[in-house]
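*Asks:* Quick one: the structure is below, and I'll ask about it shortly.
The values are calculated or read from the model by the stated rules, or taken from the named source; none is laboratory data. All figures in this text were calculated on a predicted structure; none of them were measured in a lab. Neighbour counts run over all protein chains shown; Cβ positions are idealised from the backbone, glycine included. We work out accessible area using only protein heavy atoms, side chains counted, and drop any ligands, DNA or RNA first. Shrake-Rupley method; radii C 1.70, N 1.55, O 1.52, S 1.80 Å.
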Amino acid sequence: MSVPSSLPSSFVAPSPDQTAAVEAAIQTRHSMRAFLPTPVPRELLERILEVAARAPSGTNTQPWQVHVLTGQARERLVQRLQAAYNNPEALATHAEEYAYYPQEWVSPYIDRRRKVGWDLYGLLGITKGDKDRMHAQHGRNYRFFDAPVGLMFTIDRVMQQGSWLDYGMFLQNVMVAARAHGLHTCPQAAFTQFHRLIADELKLAPEQMLVCGMALGYADPEAIENTLVTQREPVSGFVRFLD
């Protein structure tokens, strides 16, 4: 049966090239931890966010709010974050507002967590027990790994768990859309520890809650840490087919 020409494009089967492009954008997305200073045009950022906003959300609630930091705005936040992170007394006053990770780790999750940590440190030559270099590497989060664009994502506090699921799909769309334009990203839960500081710097309304941050830009192809590609379980390891 032929497809009427009046149908919207979503009903037309993608070409092999379009399929390959989508799969490539997903498969080549991985967290980069070193970026070039190359600026990203605002028009491109707006396009990425416009595309990402096609993410599904329950009854079209669209719970995402995005704060894009570049230039001096980014640098002001970076300076405040690094000052707090590198001051033990100040650092002790900051804590996450919500639990991103489990309170009790069990296998296989703790094993995967440990592996990615030691794989990264191994590439960087950071040995077990080298607390100073570990601290410094983690602190690079608060420079957005030198990416020229920092994104902060917030959600209205009245929204519940379903909206956080919706938010995850929006974040994935941002990262995949960025790849489609030759950009890379690093989603960062590390910022949640400093939610009060970030809320103050960004002048967030009290009803806005920080979800996470994200670095966005052109990845540094010479940085050894950017060669880290984490493993994934095969389909047989996490899927049940029931006929």
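*Asks:* Give the carbon-plus-sulfur fraction of the accessible surface of the chain in %, rounded to a whole number; probe 1.4 Å, heavy atoms of protein chains only.
*Replies:* Answer for the chain: carbon and sulfur cover 55 percent of the accessible area.
*Asks:* While we're looking at this one, here's another question. Please label the shape of region 145-243 as rounded, prolate or oblate, based on the square roots a ≥ b ≥ c of the eigenvalues of the alpha-carbon gyration tensor (a/c under 1.5 means rounded; beyond that, a/b larger than b/c means prolate, else oblate).
*Replies:* Taking the square roots of the gyration eigenvalues as a ≥ b ≥ c, region 145-243 is oblate.
*Asks:* A further question on this structure: Tell me the net charge near Trp164. Cut-off is 12 Å between Cβ atoms, Trp164 excluded, with +1 for each Lys or Arg and -1 for each Asp or Glu.
*Replies:* So the surrounding residues net to -1.
*Asks:* Let me ask something additional. Suppose accessible area is computed on protein heavy atoms with a 1.4 Å probe; arrange His181, His195 from highest to lowest.
*Replies:* Values: His181 85, His195 35 Å².
From most exposed to least exposed: His181, His195.
*Asks:* Could you pull out the chymotrypsin sites (Phe, Trp or Tyr not before Pro) across region 65-158 that fall in loop regions by DSSP (anything but H, G, I, E, B) with no more than 12 other Cβ atoms inside 10 Å?
*Replies:* The qualifying sites are Tyr98, Tyr100, Trp105.
*Asks:* List the trypsin sites (Lys or Arg not before Pro) within region 163-239 that fall in a DSSP loop (any state other than H, G, I, E or B) and whose Cβ has at most 14 other Cβ atoms within 10 Å.
*Replies:* In loop regions of region 163-239 (DSSP not H, G, I, E or B), the sparsely surrounded trypsin sites (Lys or Arg not before Pro) are Lys203, Arg232.
*Asks:* Okay, moving on. Based on DSSP H runs of at least 4 residues, each adding -39500 (n - 2.57), what is the mean residue ellipticity at 222 nm of the chain after dividing by all its residues, to the nearest 500 deg cm²/dmol?
*Replies:* When only DSSP H runs of four or more count, the value is -12500 deg cm²/dmol.
*Asks:* Summarise the long-distance tail of P(r) for region 11-121 by giving the % of C-alpha pairs beyond 17 Å.
*Replies:* 80
*Asks:* So how tilted is helix 16-27 from the main axis of the chain? Cα-based, degrees 0 to 90, rounded to 10.
*Replies:* 20
*Asks:* OK, next. Taking Cα pairs under 8 Å and at least six residues apart, what relative contact order does region 93-234 come out at, in percent?
*Replies:* 36
*Asks:* A further question follows. Report relative contact order for the chain in percent, whole number only (criteria: Cα-Cα under 8 Å, sequence separation at least 6). Before the final figure, lay out each step's value.
*Replies:* Values: 281 pairs, mean separation 90.0, N = 243.
The value is 37 percent.
*Asks:* Moving to a separate point now. Sum up the charges of everything whose Cβ sits under 12 Å from the Cβ of Gln231, counting Lys and Arg as +1 and Asp and Glu as -1, but leave Gln231 out.
*Replies:* Charge balance near Gln231 sits at 0.
*Asks:* Quote the charge dipole size of the chain about the Cα centre in Debye, to the nearest 20; the model charges only the Cβ of Lys and Arg (+1) and of Asp and Glu (-1). If you can, show how the numbers build up before the last one.
*Replies:* On the way: 23 positive and 25 negative charges, 52 e Å.
Charge dipole of the chain: 240 debye, to the nearest 20.
*Asks:* Test of the criteria: in region 18-122, which GluC sites (Glu not before Pro) are in a DSSP loop and have at most 10 other Cβ atoms within 10 angstrom of their Cβ?
*Replies:* Glu104
*Asks:* Then there is this: Relative to the compact-globule scaling 2.2 N^0.38 Å, provide the ratio for the alpha-carbon radius of gyration of region 35-74.
*Replies:* The reported ratio for this selection is 1.47.
*Asks:* Right, another one. Just to verify a number: FRET efficiency for Arg232 and Gln72, C-beta to C-beta distance, R0 = 45 Å, to 0.05?
*Replies:* Step by step, r from the Cβ atoms, then E = 0.70.
*Asks:* Same structure, new question: Along the Cα→Cβ direction, 7 angstrom out, place labels at Glu222 and Val51. What is the inter-label distance in nm?
*Replies:* With each label placed 7 Å out from Cα toward Cβ, I get 2.9 nm.
*Asks:* For the chain, what is the accessible area per residue in Å² when the probe is 1.4 Å?
*Replies:* Ligands and nucleic acids excluded, the result is 62 Å² per residue.
*Asks:* So, one more: Residue separation times 0.36 nm, minus the C-alpha to C-alpha distance between Asp243 and Asn87: what's the value?
*Replies:* In short, 50.4 nm is gained.
*Asks:* If every alpha-carbon in the chain counts as one equal scatterer, what log10 I(q)/I(0) does Debye give at q = 0.10, 0.15 1/Å?
*Replies:* Evaluating at q = 0.10, 0.15 Å⁻¹ gives log10 I(q)/I(0) of -0.56, -1.26.
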